[in-house]
Amino acid sequence: MAAMVAQGAVRLPQLFQSGMVLQRHQAVPVWGWADAGESVSVTFQKKVYTATADSAGRWRVYLPAMKAGGPHTLEVAGGHATSEKLVLTDVLVGDVWLLSGQSNIDVTIERVYPNYTDEIDNFSFNEVRLFRVQNNTSTRGPEADISPTSINWKPLTKQNAWLFSAAGSFFGKRMWEKYKVPQGIIVNSWGGTPIEAWLSADALRRDYPLLVDKARLYDNTDFVKAQRQANSQADRQWNALLEEKDQGVRNHFESLDYNDSGWQTINQDNWLWRGIGTTWLRQHIHIDKEHAGKPARLLLGTLYDADITYVNGRQVGRTYYQYPPRRYDLPEGLLREGDNVIAIRFINKNGAAHFIPQKPYLLAFGDDRLSQNPLPTDIIPLGKEWKQHAGADMPACPGGDVSLQNLPTTLYNAVVHPLAPFALSGVVWYQGESNTGNPAPYADYLTKLLRCWRNTFRNHELPFCIVQLANYDGRQQTGNPSPIVPQYSPVNSNWAQLREAQRTVAANDDFAELACIIDLGETVDIHPLRKKEVAERIGLCFDRLVFKDKKAVLPPKLLSTQIHSDMKTITLKYDQPLRPCGELFEYEVAGKDGRFVNAKARSEGNTVIITSPVEGYPCRLRHAWKDDPVRLNTYGVSGLPIGPFEKNLDFVIDSHHHQ
């Protein structure tokens, strides 16, 4: 680090900037770099704290525990006469939270805006500050600092939050409204990343040495640069050939006047195109005099994979990958009275082009056309049938992405270690989708991550809220041409196994809580949009965990299990009354053969009563053990669900067993 510091210069980490929030009620480390041996002074709230840079140029002071408040000024000065004083203004003291994981933390306010239009339009919270850690990787070991970022302690407004985490924005708003102290929201996430990338080499080395070695294979700047350049060149070459071959481009398949009468007709709910390259779809839609010429929003649900969409020959939108909702705004005057044409150019490099069902496909008009919850009042639904024609058949694109962000240790090195030991109130960990392919080691990984991060931040009681994976049925993403039939019979579910790992790690950690969101997902969307509700459940966990609020209502907690003498009746007692609901679903029981079958269940007060259908005595019980347990209906009277779990049932008649 000494080489990074100019002669006589004092430097602070990127995390320390004007507008920042410092943690209340804790000693607050302030650190940075200077010349070796240089004295450094930090002035805050009229008090001065001093340190001397070590042989590597590092220095650190600790501000004492402080009450919430501000704004304050923080000044840092070096001992050299030529040193320039660093002055940070508008510094607040309150609660600081780190939100980390993969793409469900990344999902932005822009993505969820149609669900919360009025609330987001009125975002204006100066005491909620947003900081987005810039994505970066490192294979060479822990880095000293993060890269500069564009969202650096910005107040929570619609504009500042538009491309910021929706869960983070709603969580910051929620905590400010409840506790009335400044909130610092640090988001540090990367879509699609596995948990191994967020762990240190030290955490992995003893039990998973090959994972550490895997990252070292890529610790070669020349190799990584060459690979990325080759991939980029291959992609450009592939796209150039695609444009040359696509007969839809040459013949203007997007044109309003193009004659598509000879094209085949397909139904979007029972169609897929298995090919690499492009295929084109066209739909004619009649616009009446009342709607002609008016601005509109075209909703095309979610498509696989990339698309370029046209209306009456004009390109109105383009999306480069499968997950974002297609919401394309049509300007005034584009739609005409009578026949209009929507044309979609699907571009696929792998898999099967298809529509995602259960999403809105329509034209929306009027002042509320941006809303989707509820849907706008003035809409014209699209038809299910489209005209289809091939565009270009292509070979697979050569090359392979190095994807450093998916390698073990690379994210810990680049974007976790440099944040420490910044004082935090708690950590939100929402990750796991990318580990569902092999959930067996996840509990061990997660246990190691909690220990690793607590050591890194020098706080062995650092609170964690672990967000359990939401319900989701990924079968539709494979391009299944038929509607997905819900899973009613017992199945082996990797998603359920990973949720169980999250549950057991939280249950065995005195400083962790589990946020159950098993009812906030979407069957066909791995990125569910109800992020305000997710933020509320995270907040409830911290109400209990950090602020010791005994009135904070969490999901029903299982207190005991009893097997009755008839060997058919199992009772589960919870810590709160359950919502009356007739027959309860998603309970499964297995006998000594290990084969699970559905079991009937009902509730009385705070008890679930299950009738075992297996021969002999029941040995194991599980609940909501599916990717998408659509029939789950056991809730506390507070409205929070009993989440997924699995447990052994020891055969001791009429006695209680604690979870």
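The table below lists the values:
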{"item": "Dimensions in Å of the range 405-513 - Rg and Dmax from alpha carbons", "result": "16.6, 52"}
{"item": "Cα-based Lys proximity count in the range 134-281, under 25 Å, for pairs eight or more positions apart or on separate chains", "result": "7"}
{"item": "Radius of gyration and Dmax over the Cα atoms of the range 502-615, both given in Å", "result": "16.8, 48"}
{"item": "Percent of alpha-carbon pairs separated by more than 19 Å within the range 53-133", "result": "64 percent"}
{"item": "Largest to smallest accessible area among H354, H80 [probe 1.4 Å]", "result": "H80, H354"}
{"item": "Rg and Dmax of the chain, Cα atoms only, in Å", "result": "27.8, 86"}
{"item": "Computed Rg/Rh of the range 1-124, alpha carbon atoms with Kirkwood Rh", "result": "1.10"}
{"item": "Per-residue HN-Hα couplings for the range 114-120 [Karplus 6.51, -1.76, 1.60; θ = phi - 60°; Hz; x = Gly/Pro]", "result": "x, 7, 9, 4, 5, 5, 5"}
{"item": "Paramagnetic label zone (point 7 Å from Cα along Cα-to-C-beta, N251; backbone N under 17 Å) in the range 337-351", "result": "343-346"}
{"item": "Residue-normalised accessible area of the chain, given per residue in Å² at a 1.4 Å probe", "result": "42 Å²"}
{"item": "Solitary cysteines of the chain, where the nearest other Cys Cβ is not under 4.7 Å", "result": "C397, C452, C516, C581, C619"}
{"item": "Of all accessible heavy-atom area on the chain, the percent that carbon and sulfur account for (1.4 Å)", "result": "48 percent"}
{"item": "Charge-dipole axis of the range 169-303 as Lys and Arg at +1 and Asp and Glu at -1 on Cβ define it, positive-most pick from Y208, F171, W273", "result": "F171"}
{"item": "At R0 = 30 Å, FRET efficiency that the Cβ-Cβ distance of L375 and A292 yields, to 0.05", "result": "0.90"}
{"item": "Cα convex hull of the range 226-279 - mean projected area over all directions, nm²", "result": "5.5 nm²"}
{"item": "Highest average packing first - 259-266, 295-302, Cβ atoms within 10 Å", "result": "295-302, 259-266"}
{"item": "Mean-position separation - Cα centroids, the range 119-198 and the range 315-369, in angstrom", "result": "30 Å"}
{"item": "Cα gyration tensor, the range 492-557 - rounded (a/c under 1.5), prolate or oblate", "result": "oblate"}
{"item": "Kirkwood Rh, angstrom, the range 593-632 [1 / mean 1/r, Cα pairs]", "result": "11.8 Å"}
{"item": "Accessible-area ranking of Y49, Y442, largest first, probe 1.4 Å", "result": "Y49, Y442"}
{"item": "Förster radius 60 Å - calculated FRET efficiency between E385 and R451, Cβ distance, rounded to 0.05", "result": "0.60"}
{"item": "Among 511-519, 569-577, the order from most to least packed when residues are scored by Cβ within 10 Å on average", "result": "511-519, 569-577"}
{"item": "Nonlocal amide H pairs with L520, under 5 Å, H built at 1.01 Å", "result": "N471"}
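The values are calculated or read from the model by the stated rules, or taken from the named source; none is laboratory data. Given the structure is predicted, the values throughout are model-derived calculations rather than measurements. For neighbour counting, all protein chains shown are included, and Cβ atoms are generated from backbone atoms with ideal geometry for every residue, glycine included. Ligands, DNA and RNA are stripped out before the accessible areas are found, and what is left, the full protein with its side chains, is counted by its heavy atoms. Shrake-Rupley method; radii C 1.70, N 1.55, O 1.52, S 1.80 Å.
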